[in-house]
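Shown next, in C-alpha cells, is the structure this report addresses.
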Amino acid sequence: MGQENATRKRLVIVGSGPIYSDQSQFIDDSDCVVRFNQCKNLGPYTGAKTDILFLNNVGDPEIQQTLAHLLKEREKTILDRDLPFLKNLKKAIFVRPLAADFRKFLVEGPGPSHPLYEFEMGNTRHDRDIAEEISRSLQLHRDTVERLSPEFHMQVWQMLCEYSGGGGIMPSTGALGVQHILTAKEYAGYDKYVIGFSHRGWKGHSWNSEMRLMRTEIKNGRLKPLPGTTGLVSTLRRWAVGLRR
C-alpha cells in the first residue's frame, strides 16, 4: 500500500463501482471510512465500517431506484437489517444545497453571465429536494446531518468544466464527496485511499471529466488507489511505478 506516516490517520473512500479485490480488513481497520448512498459495496470485499455517508438528495424516487431504496419506510429492526451501515454512522452529508440558498448564491455571486448560471437556476426550480424525507426514513439524528454549500458545489462544477470531458457536467455524489474530503480541514491529517470508482452511470454526469480529475488527485499524491477497481487499474500501475522510482 506504500509508506504511511505513523503519526497520520487512515481514511478510505469506498465508491459504488465494481470491486474485484478483497480489501475488507484494510478498510475496516482504517480510522475513517466514507461511503455513498445505499453503500452498494458493503460486504465481503470492503468490510462493514461506515463513518461518513454522502447522500444524493434530489431526484424522482419513482425513477431512481437508489432514492426509492433510501426512502422506504422501515421499522427500526428492519432498518438495522437492511441498512447496517447506519448503525455506527457519525455523519451524513447531503450533497445538494438548499434551492433557496443556491439561487441566492447564484444571483449574488457568479451572476447571469456565468456559463452555469441558467442551468443551475433551472435545477433549483425543477429538482425535488428530498433530504428531509431521507432523514426521516433513515432515522438520522439532526446533529449528524450536514449539507454541502452552494460555493463548494460550484467549485467542483468549475473543476470538472476545466477538463471538458464530454457528456453532462453536473458533479456526481461521488465527485462531490471526494472533493469535500480532500478540501475539508478536519480531514487534513489523514492519508486518503480510494476504491470502487468505475466512473460510469447516469448520463447527466461527465464521467470522463471525473475520472481525469481523480487521476490528477492520485498523480499529485492527494489520493492513493487501492487495488480492485477496473477503472483505476491503469492509474494504479502508474502510481506504483512512481513509488519504485
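Quick notes on this one:
- Total residues in segment 71-89, condition assigned to a loop (DSSP other than H, G, I, E, B) and without any contact (Cβ under 8 Å) to a residue 24 or more places away in the chain: 2
- For segment 181-212, taking the residues that are within 14 Å of the chain's Cα centre (by Cα) and in a helix (DSSP H, G or I), the one that is farthest from G17 (Cα to Cα) is identified as T183.
- Check on I130, of a type in the set (V, I, T), more than 20 Å from F197 (Cβ to Cβ) and surrounded by 12 or more Cβ atoms within 10 Å (Cβ to Cβ): yes
- All positions within segment 135-154 that are exposed (fewer than 15 other Cβ atoms within 10 Å of the Cβ) and in a helix (DSSP H, G or I): R136, R142, D143, T144, E151
- Residues (farther than 21 Å from L176 by Cα and in contact with a helix residue (DSSP H, G or I) (Cβ under 8 Å, 6 or more places away or on another chain)) located in segment 62-114: E62, L71, K72, E73, R74, L79, D80, L83, K87, G111, P112
- Residue satisfying all of: in segment 142-156; charged (D, E, K, R) and in contact (Cβ under 8 Å) with a residue 24 or more places away in the chain; farthest from L106 (Cα to Cα) among these: E146
- Failed item, numbered, when I218 is tested on (1) modelled with pLDDT of 95 or more; (2) not hydroxyl-bearing (S, T, Y); (3) not in a helix (DSSP H, G or I): (3)
- Scanning segment 106-118 for residues that are more than 15 Å from V156 (Cα to Cα) and surrounded by 12 or more Cβ atoms within 10 Å (Cβ to Cβ) yields a count of 2.
For every residue, the table says whether it meets (1) touching a Pro at 6+ places or on another chain (Cβ under 6 Å); (2) modelled with pLDDT under 95; (3) of a type in the set (D, E).
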| position | (1), (2), (3) |
| --- | --- |
| N5 | no, yes, no |
| C39 | no, yes, no |
| T77 | no, yes, no |
| D82 | no, yes, yes |
| F94 | no, no, no |
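- Within segment 109-134, restricting attention to residues that are out of contact with any strand residue (DSSP E or B) (no Cβ under 8 Å at 6 or more places or on another chain) and part of a loop (DSSP other than H, G, I, E, B), the residue that is farthest from V145 (Cα to Cα) is S113.
- Neighbours by Cβ (under 6 Å, 6+ apart or cross-chain): first from segment 50-70, farther than 22 Å from V33 by Cα and of a type in the set (D, E); second modelled with pLDDT under 80 and not in a loop (DSSP other than H, G, I, E, B): none
- Positions within segment 134-148 being of a type in the set (D, E) and more than 15 Å from P97 (Cα to Cα), in sequence order: D143
- Filtered residues of segment 41-58 (kept if part of a loop (DSSP other than H, G, I, E, B), surrounded by fewer than 17 Cβ atoms within 10 Å (Cβ to Cβ) and at pLDDT below 90): P44
The values are calculated or read from the model by the stated rules, or taken from the named source; none is laboratory data. The model shown is predicted, which means the values in this text are computed figures rather than measured ones. We place every Cβ from the backbone using ideal geometry, glycine too, and count neighbours over all the protein chains shown.
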